[in-house]
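Asker: One structure coming up, written as structure tokens, with questions to follow.
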Amino acid sequence: MRLLVGTDLHNNARAKAWFCDLADETKPDIVVFLGDFITFEPLNFAKEVLADLASFQTKVLIVPGNCDPRDVLLQIDKTDGVVNLHNTRVEIDGVRFAGKGGSITCPSPTPFESPDEGFADSLEPMMNELDVLVLHQPVLGYRDKVNGDRSVGSQSLAKLVALNHPRLVLSGHIHEAKGMDVHNHTYFINPGPLLEMNAAVIEFNRRVEVCFRKGEE
């Protein structure tokens, strides 16, 4: 199974076009978007992105980001051809996905956030034999460092992952944390922000193989 993963678009129309071209080039089985269509507004740009994602000839899974107003959830639900994975689990071709959008509390308030305590509670019933955890917020200790050394990941998510060991954890949110960590056979991947023309193509089979893609800014 081939996944094309993008996150943190933040209103960048050029990056949106590049991601669409990348989908045409790589022909993924599933496109996964990890949130932050916009930075608070305008909602119309998020609608445009959703329309583009829905036009792909493939499955599309989406969670919102912390900078997306909660109205984005309604727009995802209204868009035929995409799946709102926020607080939901789906199975595609035998691979089990569950998702959670938004983030834990940020230093400056954003529209889609909540305290770390209890943040992961909605995911707990969906973790049994889960293959892919789709997040905006990173897990504590994995792809979550700002300024090179300070971890801002979720402790509640970390406890959940440590108990259930999904094979793949996708997250965004921390723009400078692009890359991959592997721990206890779990792959933690941040594709890097689409805002800066980043994405990842993941071959998810018996092995996990990742190709980070970079467009011209």
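Asker: Restricting the search to the stretch 185-213, which residues are surrounded by fewer than 17 Cβ atoms within 10 Å (Cβ to Cβ), among the charged types (D, E, K, R) and either under 18 Å from LEU135 (Cα atoms) or within 17 Å of the chain's Cα centre (by Cα) (or both)?
Answerer: Correct list: GLU196, GLU203.
Asker: From the list GLY148, GLY153, GLY172, which residue is of a type outside the set (Val, Ile, Thr), touching a Leu at 6+ places or on another chain (Cβ under 6 Å) and over 18 Å from PHE97 (Cβ atoms)? Can you show your working first?
Answerer: Values: GLY148 fails: touching a Leu at 6+ places or on another chain (Cβ under 6 Å); GLY172 fails: over 18 Å from PHE97 (Cβ atoms).
Exactly one of GLY148, GLY153, GLY172 is of a type outside the set (Val, Ile, Thr), touching a Leu at 6+ places or on another chain (Cβ under 6 Å) and over 18 Å from PHE97 (Cβ atoms), namely GLY153.
Asker: If you go through the stretch 90-109 one residue at a time, how many are more than 18 Å from the chain's Cα centre (by Cα) and closer than 22 Å to SER151 by Cα? Full working, then the answer.
Answerer: First, pick out the residues of the stretch 90-109 that are more than 18 Å from the chain's Cα centre (by Cα): 93-94, 107-109.
Of the ones still in play, those that are also closer than 22 Å to SER151 by Cα are 107-109.
Of the residues in the stretch 90-109, 3 are more than 18 Å from the chain's Cα centre (by Cα) and closer than 22 Å to SER151 by Cα.
Asker: Within the stretch 1-11, work out how many residues are surrounded by 22 or more Cβ atoms within 10 Å (Cβ to Cβ) and part of a loop (DSSP other than H, G, I, E, B). Step through it out loud before you land on a result.
Answerer: Within the stretch 1-11, the subset surrounded by 22 or more Cβ atoms within 10 Å (Cβ to Cβ) is 3-9.
Keeping just the survivors that are part of a loop (DSSP other than H, G, I, E, B) gives 7-9.
Of the residues in the stretch 1-11, 3 are surrounded by 22 or more Cβ atoms within 10 Å (Cβ to Cβ) and part of a loop (DSSP other than H, G, I, E, B).
Asker: Give all pairs with beta carbons closer than 6 Å in which a residue from the stretch 136-150 that is crowded, with 24+ Cβ neighbours inside 10 Å and aliphatic (A, V, I, L, M) meets a residue that is modelled with pLDDT of 95 or more and assigned to a loop (DSSP other than H, G, I, E, B); count only pairs at least 6 apart in sequence or on separate chains.
Answerer: Pairs found: VAL139/GLY153.
Asker: Here's a follow-up. Name every residue in the stretch 12-46 that is assigned to a strand (DSSP E or B) and of a type outside the set (Val, Ile, Thr), in order of residue number.
Answerer: Residues of the stretch 12-46 that are assigned to a strand (DSSP E or B), as a first pass: 30-33, 39, 41.
Hits for the stretch 12-46 are PHE33, GLU41.
Asker: Those residues that are surrounded by 15 or more Cβ atoms within 10 Å (Cβ to Cβ) and either of a type in the set (Lys, Arg) or within 18 Å of the chain's Cα centre (by Cα) (or both), I need them from the stretch 30-46; list them, please. Can you show your working first?
Answerer: The first filter runs over the stretch 30-46 and keeps only residues surrounded by 15 or more Cβ atoms within 10 Å (Cβ to Cβ), leaving 30-39, 43, 45-46.
Within the stretch 30-46, ILE30, VAL31, VAL32, PHE33, LEU34, GLY35, ASP36, PHE37, ILE38, THR39, ALA46 meet the criteria.
Asker: When the stretch 129-174 is examined, which residues are found to be modelled with pLDDT under 95 and among the polar types (S, T, N, Q)?
Answerer: Selection gives ASN147, SER151.
Asker: Does the stretch 90-135 hold any residues that are among the charged types (D, E, K, R) and either over 14 Å from LEU168 (Cβ atoms) or surrounded by 14 or more Cβ atoms within 10 Å (Cβ to Cβ) (or both), and which are they?
Answerer: In the first step, residues of the stretch 90-135 are kept if they are among the charged types (D, E, K, R); the result is 91, 93, 96, 100, 113, 116-117, 121, 124, 129, 131.
Listed by number, the residues that qualify are GLU91, ASP93, ARG96, LYS100, GLU113, ASP116, GLU117, ASP121, GLU124, ASP131.
Asker: Which count do you get for residues in the stretch 175-203 that are closer than 20 Å to CYS20 by Cα and either part of a helix (DSSP H, G or I) or modelled with pLDDT under 95 (or both)?
Answerer: Residues that pass the stated criteria total 3.
The values are calculated or read from the model by the stated rules, or taken from the named source; none is laboratory data. From a predicted model like this one, the values you see are computed outputs, not experimental measurements. Cβ: placed from backbone, ideal geometry, glycine included. Neighbour counts: every protein chain shown.
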